[in-house]
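See structure below.
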Amino acid sequence: MYKQELAIIVQSIITSNTVDEHTKCARNLSGFYEKIATINHFENNETHVKGGIALSSSGAADCVDDYLRTVYFIKGVYKALIKLCNDFPERSINILYAGCGPYATLILPLLPLFNKDRIKAILLDINAASIESVHHILAVVGLNDYSIQLIETDAITYDKPQDFTIDLAISETMHYALTREPQVAITQNIVSQLPSHGILIPEEIRIDLAYTFFDYEPSLKNAIDEVKGRDELQPYPHSVFVDRLFTINKELFGTQSQNLSFKSDFYKLPDDFSNHPDVSIFTEIKIFEDIELKTAESYITNPYSVVSLYNLIEYSEIQFIYDFSDIPKWTYNVKSLLID
Ligand SMILES: C[S@@+](CC[C@H](N)C(=O)[O-])C[C@H]1O[C@@H](n2cnc3c(N)ncnc32)[C@H](O)[C@@H]1O
């Protein structure tokens, strides 16, 4: 009975077209999980790993309520799975899902749409309570006959089994501007184990530098009742795009697999910045093909302010460093104004 109810909800997610529809079906999914998830979620089981903070099981459960994030990721995973099923009609599709949380939100709802022989999945989470919760939900919904392996481990150091070729790797372990959570360290490890045909979700995380008036930029504060789509959001009109600092994707880690930081060029600081006084980082996510999450459509694409230009008036140029060797963070170097 639950399996059919879940299939109806996920079908509505796949076919939803408007922000109202996205919100409604994500709310239904959230209500469904709340109804069946009898395992307690804890707020005090955050874990510090070398690469970031893994959310508590309660914090990870709340991610389902970041409505556009949830809907767009599920749409993206579905589209990727359909592509893989078409490309490999004779065999099952191998999925590695790193950081599944207590609901395995980005894959579990889709299972009823696929024959159990078509899917083989390994789900990882560092949080024991989250793994226990997914076990419970698979049993309650009646999805125990799918080939799903649940492993409590650190996805940053995890090695896949040799006979498991990853066709689809999924990880949403990120905070805005790639701060705090270990998305980049996990992606680096997964990509090193992904074959050339393997799909990574999200396909791209684009990190841009802009000078703006941070307080006037749209920012999602409450996804339960303030969700706006990209057509309704009003970006601050005087912001100045400076550069794309980097893009996290398969190709990047193909060439730089050992690096634990990114260093940008030096950028000239503007002389007149009264209209755009904040040095800010913007995040956009290409989940898969045309399915994207834009600025402030989700908590994970909210803008982030690094420093005010009012604090840099003695300097002429700025360089950014993104370091994910431990809890990911942004720092900067500045060059002084030349004195004649
Ligand atoms: C932002 S939550 C997302 C949960 C779920 N995937 C979703 O999309 O709703 C991230 C999850 O990744 C897990 N996680 C973070 N870092 C991890 C790591 N290094 N190894 C394994 N799991 C990790 C956290 O415990 C948490 O459950």
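Looking at the range 205-336, the pairs of alpha carbons with a distance over 18 Å make up 58% of the total. What a 1.4 Å probe finds exposed on the range 205-336 is 46% carbon and sulfur by accessible area, rounded to a whole percent.
Of the residues Leu337, Tyr299, Phe324, the one whose Cα sits farthest toward the positive end of the charge dipole of the range 279-340, with +1 on the Cβ of Lys and Arg and -1 on the Cβ of Asp and Glu, is Leu337. Our Cα-only numbers for the range 126-177 put the radius of gyration and Dmax at 13.2, 39 Å.
Just to confirm the number: angle between the C-alpha axis of helix 128-141 and the first principal axis of the chain, 0 to 90 degrees, nearest 10? Taking Cα atoms only, the helix is inclined about 40 degrees. Projected onto the charge dipole of the range 2-204 (+1 at Lys/Arg Cβ, -1 at Asp/Glu Cβ, origin at the Cα centre), which of Leu110, Ala129, Leu150 gives the Cα projection farthest towards the positive end? Result: Leu110. Projecting the Cα atoms of Val227, Asn249, Phe266 onto the charge dipole of the range 201-272, computed from C-beta unit charges around the Cα centre, puts Asn249 farthest toward the positive end.
Peptides 175-181, 41-47, 106-112, ordered by how many other C-beta atoms sit within 10 Å of their residues on average, highest first, read 106-112, 175-181, 41-47. Taken as Cα centroids, the range 40-56 and the range 126-150 sit 19 Å apart, rounded to the nearest whole angstrom. Take the chain with all the other protein chains still there, run a 1.4 Å probe, and you get 45 Å² of accessible area per residue. For the chain, the Kirkwood estimate of the hydrodynamic radius, built from every pair of different alpha carbons, is 20.9 Å. Rounded to the nearest 10 degrees, the angle from helix 19-36 to the longest Cα principal axis of the chain is 50 degrees. Largest to smallest in accessible area, the residues Lys160, Lys116 fall in the order Lys116, Lys160 (1.4 Å probe, all protein chains included).
Using a probe of 1.4 Å on the protein chains alone, the accessible area found for Arg118 is around 50 Å². In a simple Cβ point-charge model (Lys, Arg +1; Asp, Glu -1; nothing else charged), the range 2-204 has a dipole of about 400 debye relative to its Cα centre.
The values are calculated or read from the model by the stated rules, or taken from the named source; none is laboratory data. All values reported here derive from a predicted model rather than from experimental measurement. No Cβ is skipped: glycine too gets one built from the backbone with ideal geometry, and neighbour counts run over all protein chains shown. Accessible surface areas use protein heavy atoms only, side chains included; no ligands, DNA or RNA. Shrake-Rupley method; radii C 1.70, N 1.55, O 1.52, S 1.80 Å.
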